[in-house]
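Taking it in order: structure first as structure tokens, then the write-up.
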Amino acid sequence: MAQTTIDRLIINSPYEEPKRHWRYDRQTRMFDLVEGRRPAGYVVASPDSKAFDDPGIFVEIPLVNQIRPRVKAWREAGYPGVTSITKRLLEHWRDPERDQRFFFCQLEAVETLIWLTEAPAAERVGIEIPGDGGDFERQCCKMATGTGKTIVMAMTIAWHILNKVANPQDARFSKNVLVVAPGLTVKNRLAVLNPAGEGNYYEAFDIVPSALLDKLRQGKVLVRNWHALAWESEEQIKKRKSVDKRGAKSDEAYTREVLGEMAGARNLLVINDEAHHAWRVNWAAEGKSLRQRDLKESAEEATVWIGGLDRLHRSRGILKCYDFSATPFAPSGKKSSEEALFGWIVSDFGLNDAIEAGLVKTPRVVVRDDAVPAARSYRSRLYHIYNDPEVKDDLNRRAQPEEPLPDLVLNAYHLLGYDWRETYKAWKAAGLPTPPVMITVCNRTETAARVKHAFDTKRIHIDELCDPERILHIDSKVLQEAEAREEPLAPPQMAEADAETEETEAPEQSTTLTKAEQAERLRRMVDTVGKPGQPGAGIRNVISVGMLSEGWDAKTVTHIMGLRAFTSQLLCEQVVGRGLRRTSYEVNPETGLFEAEYVNIFGVPFTFLPHEGTEDGPPPPPTPKTAVEPDPAKAEFEIRWPNVVRIERVFQPALTLDWSKVRPLELDAAQTAQVAELAPILEGKPDVTKINRIELERLAREFRTQRIIFETARDVFDQMKPNWRGSRELLLAQLVRIVEQFIRSDRIVIKPPLFFSDELRRRLVMTLNMSRVVQHVWEAIRQENTERLVPVFDRDHPIRSTGEMRTWYTGKPCERTRKSHINVCVYDSTWEASDAFALDDSDAVSAWVKNDHIGFEVLYVHGGVVRKYRPDFLVRLTNGEMLVLETKGQDTEQDKAKRRYLDEWTQAVNAHGGFGHWRWAAAHHPGEIRDILMQGEEARAGG
């Protein structure tokens, strides 16, 4: 049903393919919620349109719309054609039991690259990817800022390196990767792509199974700033004033300088981050337009970036070049509405899709009626302030800083600033360590200077935004100088400047620093806005020109003012998209969607980007998010645990089973998909007793009882043989005997009774539930025939600790802790809150931690599937004993399976003897935790 405003923008799960999207109808001025995924494409402004609600013209990306359905069909078919390594990675990434699930857009991007490389050729017929005019192949993933493209880069690198190490002859892959960054700040952040580096993403986000990490480290990943690709031409050498008149470097010498230790590598995989800087310039065809001042620097940068890669390709060969960018287009040199989108884009998840999936903050235009007189009359003029007749000419001239801003701009700042102040008060009351941030994006340096002057002289009457020490005026040229370095500059003066977090001064006020030091200081300020204890922590008001730099990573932006032209959706994304990073990634359990985090934006034409409207008065300010992280001051409460990747069993040579101790296995024909499909539906449920016997015989014909026995024994044998010390033939013979006894015993109960009594039906249900039969037999044998348990630890990280937890953010209720290394405990229920209080309060407890994002998990098997169990709390008791504590109101078969494996885990760790004594307990009722802690004390007293 059409509506005049959008009440809730977040309509899709971030973990599933988008199912719906919002569409604006200019004629009715209504929004429709349309079923199906939005086609890949972008919107440009309608020619000569000046209306604030211009819907623009949709430009399709046909190649992506051609590829998408084929990748989807290939995914649903189980990824035919891929290597065993690729299949293992894909299964690992899509594991529903993962602690950190990947977003759909991340999986689709890497799946598309894999499909283009590994899918059967017949599936790729008709897919022609245009080149850029150069000699090496490029493919581009278009991903909105905030959708996690660095993780996709890590997945892509892992996929290539692991395949090349497993099969060195496979020419489709490379184990030598060059990553090119757009500046120093991004280069430093991309250090997480080095497999051997501390905090690398492969381990932090569980991108690679721990068993494959050694193989991953056989590859090489080099991250370079694009400035490192620069070279001197013959013409530049002639102009040199120095005595050194050596000629231009050869491609070989250039390659050795750029690649360093990786100089011997061939067939490189190249990854361009923020690849919209890397476009091939046709100077002959576009020379005149590219000589315009605003395009000249961009074209020269692109020439260095792409020209450098051309030289590397000539000397070493570039196997493939993957581009990642939110806005992969090059200036066409014509009207700004005619950007040239990269022709080699193969996947697209744009900002509209990211907004509707909640992956970024939700934009809205909020006008508080009590901010200025006649506030509501301004609403329509706030969508594109720059294009307003009273504003455009005034802002588009070489004005002096002291010249007053147009009234509309001043009133817009009062409206936006008033709303910012309400947010500031709410965050301050909540005790958040950093303030909310308002950013302004101006059309030119003169406008930025006028805005800065208006705040400095308090012409904008929001005092909290007018403190010069809390205003960051970004000088783009100075920032570019710092970003061009390969490594950050850090003289003693810089360290002193960094310590001034309480009084964050505007960088231009410094008189004691050199130009290079001032540039580095500005870069660090920009890089650390919103980060407690860092130089940019206290910044509230950011003023920039053109757009936010690629290094912008602040998550505390709550208000944006646009004072420049916006002629396309891509430009909106490039300018403000970086200000939309959200802080918390918690799914609402009732809706399965992310909760909205808001940013109030003026001056952006939002028919290009959907936004929420407010008809019922101003909404409350954005909810403060709490950072959850280890507290260095509470290091005494650090908890460490063995990082067990599996438990090996040493079995007794003669296998025996006491059938009276073996739990019955219940199989339900109605829950067996292949059987239920044949059954008629009565009252909404399949009635399996009415299935035609001929259909059953057709299914069961190939499976005789002896075959079931042998196949079950073989599968159990495969699980036991790695740790079996005796004759494997004897093991198989014993397993066949045990399985035969089990299959013919009363330990298998099949429902309904008709299927239990009829031999054919009984055989069929067992055949179709083979994995459950195998797992049941395997567990029974393990329980009675294990001589000892041997824990196997992760080779690189045998011990994990609460101190390793990455900072994350929550909007859920939480309280500060006394005896936990983590600063707060996040409560998912009142039961958890009372348990946390009991742990903090108990004299029996030395330290404790809630098992939330810390990575403690026990592998278990249920229903034939390997899963991950994460108990609720880890507790160190005052006597040094470790307690794994679970709070559970129910006791299902799955819960029982979890506890059996947890018991096995504690036995194995205790048998090892190097990690103290561990035990586990389960509390089935609120308050029972106190009894469990008391039992521990009594046991100690009795001992």
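The values are calculated or read from the model by the stated rules, or taken from the named source; none is laboratory data. Everything numeric here is computed off the predicted structure, so don't read it as measured data. Every residue, glycine as well, gets a Cβ built from its backbone with ideal geometry; the counts of neighbours run over all protein chains shown. Please note that ligands, DNA and RNA were not included when accessible areas were found on the heavy atoms of the full protein model with its side chains. Shrake-Rupley method; radii C 1.70, N 1.55, O 1.52, S 1.80 Å.
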- Query: Accessible area, 1.4 Å probe, largest first: how do ASP7, ASP553 sort?
  - Reply: ASP7, ASP553
- Highest first, please rank the peptides 516-522, 76-82, 901-907 by the mean number of other Cβ atoms sitting within 10 Å of their residues. 516-522, 901-907, 76-82
- Query: Counting only the heavy atoms of the protein chains, how much of LYS361 is accessible to a 1.4 Å probe, in Å² to the nearest 10?
  - Reply: 10 Å²
- Item | Linear extension gain, ALA204 paired with LEU33, 0.36 nm per residue minus alpha-carbon span | 57.8 nm
- Task: Return the tail of the calculated pair distribution for region 849-918, meaning the percent of Cα-Cα pairs more than 19 Å apart.
- Result: 37 percent
- Long-range lysine pairs (8 or more apart or interchain), region 780-928, Cα under 16 Å: 7
- Message: Ordering ARG782, ARG900 by accessible area with a probe of 1.4 Å, largest first, what comes out?
- Response: ARG900, ARG782
- Note on the structure: Ranked output for segments 255-263, 761-769 by mean other Cβ atoms within 10 Å, highest leading, reads 761-769, 255-263
- Under 11 Å, Cβ to Cβ, from GLY317 - net charge with Lys/Arg +1 and Asp/Glu -1: +3
- What does the charge add up to near LEU593, with Lys and Arg as +1, Asp and Glu as -1, over the other residues with Cβ less than 11 Å from its Cβ? -4
- Compute the label zone of ARG256 within region 306-323: residues whose backbone N is under 19 Å from the point 7 Å along Cα-to-Cβ. 311-317
- Item | Within region 74-96, backbone nitrogen closer than 20 Å to the virtual label 7 Å beyond the Cα of VAL865 toward Cβ | 75-79, 87-96
- Item | region 698-826, Cα convex hull volume normalised per residue, Å³ | 247 Å³
- Query: How much length is gained on full extension from GLU893 to GLU711, taking 0.36 nm per residue of separation minus their Cα-Cα distance?
  - Reply: 63.0 nm
- For region 787-871, what is the per residue volume of the convex hull drawn over the alpha-carbon atoms, in cubic angstrom? 174 Å³
